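A.B. asks: Take a look at the following structure, please.
The values are calculated or read from the model by the stated rules, or taken from the named source; none is laboratory data. All figures in this text were calculated on a predicted structure; none of them were measured in a lab. Every residue, glycine as well, gets a Cβ built from its backbone with ideal geometry; the counts of neighbours run over all protein chains shown. Just so you know, the surface numbers come from the protein's heavy atoms only, side chains and all, with ligands and any DNA or RNA stripped out. Shrake-Rupley method; radii C 1.70, N 1.55, O 1.52, S 1.80 Å.
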Amino acid sequence: MQKRMYNTKALIEGSLTTALIVVIMLINIYVPIFFIFVNFILPIPITVLYIRQDYKIALISVIASDILISMFYNPIAALSLIVLIGLTGMTLGYCIKNKKKFGTTIIFLSISMAVGIIFYFAVHIMLISKEGIYGFVNGMLENFKQSMNLSKSMYEKAGVSSNQFASMESMLKILTPEYVMRLIPAGIIIISFILSYLNYIITRAILIKLKYQVNGIKPLNQWYMNTRLGTLVGLILVSGILFDRENMAIGQYMITSSEIILQLIFLIDGLALLTYYLMKKFRISKKIVAIIIVFTALSSLSLFCVLAGFIDMIFDFRKLDPYRKSKKQ
């Protein structure tokens, strides 16, 4: 009897979640202005269903949602979107239900979101646009360059000197399809991390309102660069250099992406180190620290933060890396 009640409750919650997902996705499809907000909202019902039930019920709800949306919309587009949303929601549900740490949750969520983004754009580019990824990137660049040239001509007619467009013209020369293609791997990783962080913040706020216990968000001054992660990205960079020497195309992709990722993670570590000393050692208020951090990140001082992050990864000034603690013990 109790098992039957459990199955009935799971069926009802799964059906309600499916209906909610379908309604929100249809609003997203026919009212595109809500696209950005919907992508953060849609995984939440799946996450809640996973926490309240299990992965089987959540997976069935995701599949049912895809089938229903396919009836009203393009099946291929519906599949690509539901995979992105389903992976995000189920991964976050798994991490919260199993009480994973904040850092572990963000890593798992970033990986699942990266897989979902790759699948989403692969479907759209390969099957819907039928131009291939190179043609898609080339078309985007052509549109961008046309809009920039149009803006330039408008400013020139308004009396702005052409010398002031030198930086813009040099940037347009750099933006070739080949160069942008090399940026794609790093771009996917960075975007996945940012979206995962924002998704965790929003979902956590809603789950707390629903009386669920969710691990807190680690403050910036507690962020650090794990030596194993830094070593991994460094090895990818070295491998890329070796491949490039052998004239293998993948080498340029690995070099460009790993350089960008290393600079970003060292910058974040350096900003975290700066935040730590400003707050803990000099007792500066959070508001002033926030202003200093934003100014530093957007100015040439960010280069010093990159260097500081690299040094902190080696010496671990804040003694935050648990891997090093376990080695000492």
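A.B. asks: What number of residues in the stretch 260-295 are more than 15 Å from Asn221 (Cα to Cα) and free of Cβ contacts under 8 Å to residues at least 60 places away in the same chain? It would help to see each step written out before you state the result.
C.D. replies: Taking the stretch 260-295 and keeping what is more than 15 Å from Asn221 (Cα to Cα), we get 260-264, 295.
Among the residues that remain, those that are also free of Cβ contacts under 8 Å to residues at least 60 places away in the same chain are: 262-263, 295.
The qualifying residues number 3.
So that you can scan it fast, the table gives a plain yes or no per residue for (1) on the phi > 0 side of the Ramachandran plot; (2) among the aliphatic types (A, V, I, L, M):
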position: Asn221; (1), (2): no, no
position: Val233; (1), (2): no, yes
position: Ile236; (1), (2): no, yes
position: Ile241; (1), (2): no, yes
position: Asn247; (1), (2): yes, no
position: Gln252; (1), (2): no, no
position: Glu259; (1), (2): no, no
position: Leu262; (1), (2): no, yes
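A.B. asks: May I pose another question? Mind listing just one residue for me: the one in the stretch 70-104 that is outside any helix (DSSP H, G or I) and modelled with pLDDT of 85 or more and, of those, least open to solvent (accessible area, probe 1.4 Å)?
C.D. replies: Filtering the stretch 70-104 for residues that are outside any helix (DSSP H, G or I) and modelled with pLDDT of 85 or more, the one least open to solvent (accessible area, probe 1.4 Å) comes out as Lys100.
A.B. asks: Being closer than 15 Å to Pro43 by Cα, over 19 Å from the mean Cα position of the chain (by Cα) and crowded, with 21+ Cβ neighbours inside 10 Å is the requirement here; does Ser112 meet it? Break it down stepwise before answering.
C.D. replies: Numbers: closer than 15 Å to Pro43 by Cα: yes; over 19 Å from the mean Cα position of the chain (by Cα): no; crowded, with 21+ Cβ neighbours inside 10 Å: yes.
So Ser112 does not fit the description; no.
A.B. asks: Using the structure shown, decide if Asn247 is in contact (Cβ under 8 Å) with a residue 12 or more places away in the chain and over 19 Å from Pro185 (Cβ atoms). So that I can check it myself, show each step before the final result.
C.D. replies: Values: in contact (Cβ under 8 Å) with a residue 12 or more places away in the chain: no; over 19 Å from Pro185 (Cβ atoms): yes.
For Asn247, the condition - in contact (Cβ under 8 Å) with a residue 12 or more places away in the chain and over 19 Å from Pro185 (Cβ atoms) - is not met.
A.B. asks: Tell me whether the stretch 275-288 contains one or more residues that are under 28 Å from Leu183 (Cβ atoms), crowded, with 17+ Cβ neighbours inside 10 Å and modelled with pLDDT of 90 or more.
C.D. replies: Within the stretch 275-288, the first condition is being under 28 Å from Leu183 (Cβ atoms), and the residues that meet it are none.
No.
A.B. asks: Taking the condition at pLDDT 80 or above and within 22 Å of Val214 (Cβ to Cβ), does Ser61 pass?
C.D. replies: Working: at pLDDT 80 or above: yes; within 22 Å of Val214 (Cβ to Cβ): yes.
Taking the combined requirement at face value, the residue satisfies it.
A.B. asks: In addition: Can you tell me how many residues within the stretch 122-147 are more than 26 Å from Glu169 (Cβ to Cβ) and modelled with pLDDT of 80 or more? Lay out the reasoning, then the answer.
C.D. replies: Here is the first cut: in the stretch 122-147, the ones more than 26 Å from Glu169 (Cβ to Cβ) are 122-133.
Of the ones still in play, those that are also modelled with pLDDT of 80 or more are 122-123, 133.
Final tally of qualifying residues: 3.
A.B. asks: For the stretch 146-262, please list each of the helices (runs of 4 or more DSSP H) lying entirely inside it that holds at least 1 residues being open to solvent by 60 Å² or more (accessible area, probe 1.4 Å) and of a type in the set (S, T, N, Q). Please lay out each step first, then the result.
C.D. replies: Details: elements: 166-174, 177-209, 227-245.
Of the helices (runs of 4 or more DSSP H) lying wholly inside the stretch 146-262, those with at least 1 residues that are open to solvent by 60 Å² or more (accessible area, probe 1.4 Å) and of a type in the set (S, T, N, Q) span 166-174, 227-245.
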